[in-house]
1. Roll a 1.4 angstrom probe over the protein heavy atoms and tell me the percent of accessible area of the range 153-205 that is carbon or sulfur.
2. Suppose each label sits 7 Å from its Cα in the direction of the beta carbon; what would the Ala184-Asp134 distance come out to in nanometres?
3. Counting only residues 5 or more places away or on other chains, whose amide H sits under 5 Å from the amide H of Glu170 once H atoms are built in the peptide plane?
4. Between Tyr274 and Lys306, what FRET efficiency comes out of the Förster formula 1/(1 + (r/R0)^6) with R0 = 41 Å and r the beta carbon distance, rounded to 0.05?
5. Val158 to Glu208: FRET efficiency via 1/(1 + (r/R0)^6), r the Cβ-Cβ distance, R0 51 Å, to the nearest 0.05?
6. What order, most packed first, do the peptides 202-211, 248-257 have when packing is the mean number of other Cβ atoms within 10 Å of each residue?
Amino acid sequence: MKKVTYLWMIAATLLVGCAADDELAGSPNDEGEVTVKALCGDVPIEFGQVDAEAYVTRGAITEANFGDTGDLGVFCVAKKAVLTGASEGRTFTLTKQSANATINLLSIWQDNVKAKINQTSSGHGNLQWKDTDDTHFYPNKEWFAYDFFAYHPYTDSVVYASSYIMPTIEVDGDDDVFYATAAAPTTGTYKDLAYCSSYFKETANAGETAQLPYFSFQHVMAKLNFTVRLKDTNSSATLLYVDSIAIENFPNVVWVRYLKSGVTASSFVPYDPYSSGNFWLREADGSSISGKMDGVDYAYRLSTTKTTVGDCILIPPVVKSHSRSNPKLRIYLKDDAGSVYTTNDPIAITAPAAGWESAKQYNINISLSSPVKIQSNARIVSWDSSVEEIDVED
């Protein structure tokens with residue numbers, strides 16, 4: 001599959017100050033509990049520029065639509081020990097269940113924190129923390145080097161396991177889901193310290209340039225585009241227009257998993273195989289496809305000309321062997337009087353041999369021979385230009 005071709009740069013700005021002693025215990029608050037704020041050092045975690053030509057959701061980000069992606073979730077996760085000799089342990093926990101409260105906090109240092117994209121006057125944008133508090137610093141106890149994991153759209157539903165962190169996202173066909181883990185530097189005297197405050201400080205002291213961590217985001221979802229046409233001229237059918245198109249009873253919860261270093265993801269299923277729902281085709285702005293164009297006529301009046309309908313439906317990447325891998329498509333037509341026409345049963349679209357794959361587009365071409373008899377076929381067009389033909393009939 002083709003990765004989304006843009007970079008998210010995370011810049012760490014060095015502030016004047018003294019580094020905290022690694023051997024100092026985490027500072028307690030009045031209740032004797034260790035807090036994130038007390039463990040913050042003097043190097044903030046800041047985010048840099050996002051390319052204006054980057055692909056994020058359904059198309060290229062432009063000056064007009066920067067910020068339309070909504071909230072992202074960001075994790076700053078310990079990936080390895082970088083300093084030794086302190087009395088405290090050096091084993092981090094992704095489940096946050098260590099008896100050592102400091103270990104719990106330092107293991108997942110930024111825990112599903114909301115971020116957003118702010119548009120700049122140049123048409124670019126910056127990824128920034130959504131809140132403005134003072135806890136977004138690398139920790140003063142430099143026990144670990146950190147990894148950054150980010151995903152979209154934000155969810156409060158996160159599973160913490162010994163080998164992974166997994167946001168679980170309910171989808172309805174409208175939101176794109178994408179994720180990335182920041183790349184680590186491969187060169188430099190202090191590359192093994194990345195990423196913690198010492199990496200940036202020691203690199204600067206040595207007169208070297210630190211490599212800023214960056215994200216190359218990947219799409220999780222598959223994209224379904226739809227066209228509709230009449231097979232033959234039919235005076236009664238031309239009085240109808242497309243009111244809505246739905247994919248019924250399809251998996252509707254996506255799992256986005258960050259893996260602890262060294263754990264294989266070969267057996268991981270990126271969706272909940274037991275949860276399902278309906279996905280409705282919408283316009284790019286999220287509105288219904290049944291509205292009138294410029295207030296004059298309905299946008300998708302039937303004709304013998306193939307017409308692209310709506311924007312797209314985004315579905316999870318479901319494997320061929322799944323019991324619901326063949327989506328059930330239902331199309332609803334209306335006449336000017338408001339009467340609704342549809343098939344008695346939904347149409348099954350046979351999944352491609354490889355299943356529905358992340359970051360691929362599938363063109364679903366629907367041909368209507370009458371208001372009650374509908375035939376369709378789908379052409380799969382990968383983002384890397386490969387093409388597969390799929391024929392479907394009711």
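The values are calculated or read from the model by the stated rules, or taken from the named source; none is laboratory data. Just so it is clear, the model here is predicted, and its values are computed rather than measured. Ideal geometry is used to build each Cβ from the backbone, glycine not excepted, and the neighbour counts take in all protein chains shown. Accessible surface areas use protein heavy atoms only, side chains included; no ligands, DNA or RNA. Shrake-Rupley method; radii C 1.70, N 1.55, O 1.52, S 1.80 Å.
1. With neighbouring chains kept in place, the figure for the range 153-205 is 41 percent.
2. With each label placed 7 Å out from Cα toward Cβ, I get 3.2 nm.
3. HN-HN under 5 Å from Glu170: Val254.
4. Values: r = 37 Å, r/R0 = 0.91.
After rounding to 0.05, the efficiency reads 0.65.
5. On the way: r = 36 Å, r/R0 = 0.71.
Between Val158 and Glu208 the formula returns 0.90.
6. Working: 202-211: 14.2, 248-257: 20.2.
Top of the packing list down: 248-257, 202-211.
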